[in-house]
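Handing you this structure, nothing more for now.
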Amino acid sequence: MRAYRHLTTAALLVALITPAIAADAISGDVKKIDEANGKITLHHGPAKSLGMDEAMTMVYRVKDAAMLKGLKTGDKVKFEAQEDASGYTVTKIEKGK
């Protein structure tokens, strides 16, 4: 019975955490790509995970310039980003559907 209780608790924690992780993805449109400098300009809606309550267009650094391969101006994307001392950095990006 004790193992079952721990399994149930673990399943509940996963169920609670999973939507929070998925909510971090931000939808946007690619406006400009600067592969040489590892930057991308994105127009996106509110980004609650970054404390941004309004839509805006911003230049982001990318964690790895290879992330920009296959993207082009006008692509719809979903991305995750984080803020650090030097600004905002895209940590994950994929083409939207």
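Could you tell me which of rounded, prolate or oblate describes segment 38-97, using a ≥ b ≥ c as the square roots of the eigenvalues of the alpha-carbon gyration tensor, with rounded for a/c under 1.5 and, failing that, prolate when a/b is larger than b/c and oblate otherwise?
It is oblate, given that a/c is not under 1.5 and a/b is not larger than b/c.
How far apart, in nm, are the 7 Å Cα→Cβ label points at Gln82 and Lys31?
2.5 nm
Just to be sure I understand the model, the point goes 7 Å from the Cα along the line to the Cβ. What's the resulting Val59 to Lys92 distance in nm?
2.7 nm
Readers should treat all values here as calculations from the given coordinates under stated rules, not as data from a laboratory. Source: prediction; values computed, not measured. FYI the Cβ positions are ideal-geometry reconstructions off the backbone, even for glycines, and counts take in every protein chain you see.
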